[in-house]
1. Suppose we keep only residues that are among the charged types (D, E, K, R) and assigned to a helix (DSSP H, G or I) within the stretch 1-44. Which one would you say is surrounded by the most Cβ atoms within 10 Å (Cβ to Cβ)?
2. When you check L63 against the structure, is it closer than 30 Å to K103 by Cβ, modelled with pLDDT under 90 and not β-branched (V, I, T), yes or no?
Amino acid sequence: MSSKPAPVPPSALLSKLQSFLPQMEKQNQLLAHDLATGQASKYNIEVAEEDPEKQVIEMNFALSMMNEDSSSDDDSSDDEAEIQLKPAAEGMRDIRISAPSTKPSPLIQELN
């Protein structure tokens, strides 16, 4: 008794993807047109806003390399995976992408 495979019914993800891709293509064409006509500055996210009172999110990143010690693989089980982070190079523990802000850091307040 042999059975032929049935076609897979369309999924919600596939339908969302099929509706999203044309929108993305349209926006890419709009971006390419704006770049060609010299309007690239409106897409620059590095430019500070005109309103100095507007809240912004400042993110600082540190780069490091993951070191998986091969000798610890024998001792640890799959449930207890250990990853050790080491700096990429000495003296490169914190790398700032932009100049430090002169604004005071906001305080986090817990509201009940």
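1. D34
2. yes
The values are calculated or read from the model by the stated rules, or taken from the named source; none is laboratory data. The model shown is predicted, which means the values in this text are computed figures rather than measured ones. Here Cβ is always computed from backbone atoms with ideal geometry, including for glycine, and neighbour counts include all displayed protein chains.
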